[in-house]
Amino acid sequence: EDQVTQSPEALRLQEGESSSLNCSYTVSGLRGLFWYRQDPGKGPEFLFTLYSAGEEKEKERLKATLTKKESFLHITAPKPEDSATYLCAAEGLTGGGNKLTFGTGTQLKVEL
Amino acid sequence: DTGVSQNPRHKITKRGQNVTFRCDPISEHNRLYWYRQTLGQGPEFLTYFQNEAQLEKSRLLSDRFSAERPKGSFSTLEIQRTEQGDSAMYLCASSLDGYGYTFGSGTRLTVV
């Protein structure tokens, strides 16, 4: 069975204090590793998809990286508007793929 | 294109009543997915359609749940004889051939 574990569960940063969120995954053949941002009461908002180990993608203050067992979401010089829950999800090849297995998320709070 | 649209945004129902939710996917997307998210957890896969065919159902989808996608456009998710444990956010997502999962804002169900 596919599994995704995220750490830490919660993270408090000062504005400008860079950090990384971790996502460990166990899937039968990784089709894609996804990062989403979710604000309270809203649906997940797509950030990145990574397909193979060594791949990196960047968007503003966020950078996602992928190894064979983990993915990291690096946040550089965060701002209060980056506060949200960040979800990681893996799509494996079990049963033909077609579904995402999510972690429980990292709740990020960025303070002034 | 206004993204994935879900209605209603909130639904409060009494235990034992039936409820139905609607999802309108991105128009050119042929795949549609339903997920359920409870507080503090990541979304969990329920079922998915390719065009009008329902191709996979999670064991989470008891026989009280039924989903349809007539004509391969919008989809409905019905829950019969609701229970308090059904209280959750129900999320719909769509994709084109499994690329680019886009989520809607969800329907928050509260069973009292």
Handout entry: Distance (nanometres) between label positions extended 7 Å along Cα→Cβ at B:ARG81 and B:ASN30
Key = 3.8 nm
Handout entry: Loop-resident sites, the range B:1-63, for trypsin sites (Lys or Arg not before Pro), counting at most 16 other Cβ within 10 Å (DSSP)
Key = B:ARG9, B:LYS14, B:ARG15, B:ARG59
Practice task
State, as an integer percentage, the relative contact order of chain B based on alpha-carbon contacts under 8 Å between residues 6 or more apart.
Solution key: 37 percent
Handout entry: For B:THR110, residues with placed amide H under 5 Å, excluding near neighbours
Key = B:LYS11, B:ILE12, B:THR13
Fill in the blank from the handout: If each K or R counts +1 and each D or E counts -1, the residues other than B:GLN17 whose Cβ falls under 15 Å of its Cβ total +2
Problem - Gap separating the Cα centres of the range A:56-112 and the range B:67-110, nearest whole Å - result: 23 Å
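Considering the convex hull of the alpha carbon atoms of the protein assembly as shown, report its projected area averaged over all viewing directions, in nm², one decimal.
Taking the Cα atoms of the protein assembly as shown, their convex hull projects to 12.1 nm² on average.
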Fill in the blank from the handout: 1/(1 + (r/R0)^6) with r = Cβ-Cβ of A:ASP39 and B:LYS71, R0 = 41 Å, i.e. FRET efficiency to nearest 0.05, evaluates to 0.80
Handout entry: chain A, relative contact order [Cα under 8 Å, separation at least 6], %
Key = 37 percent
Handout entry: Backbone N under 20 Å from the A:GLU56 label point (7 Å along Cα→Cβ), restricted to the range A:1-27
Key = A:17-24
Handout entry: Hydrodynamic radius (Kirkwood) for the range B:3-107, which is based on Cα pairs only, to one decimal in Å
Key = 13.7 Å
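Could you estimate the translational diffusion coefficient of chain A from the Stokes-Einstein equation, with Rh from the Kirkwood formula over C-alpha pairs, at 4 °C and 1.567 mPa s, in whole µm²/s?
Values: Rh = 14.0 Å.
My calculation gives 92 µm²/s for D.
We did not get these values from a lab; they are worked out from the coordinates using the rules stated. Fair warning: this is a prediction, and the values are worked out from it, not measured in the lab. Virtual Cβ from ideal backbone geometry, glycine too; neighbours counted across all protein chains shown.
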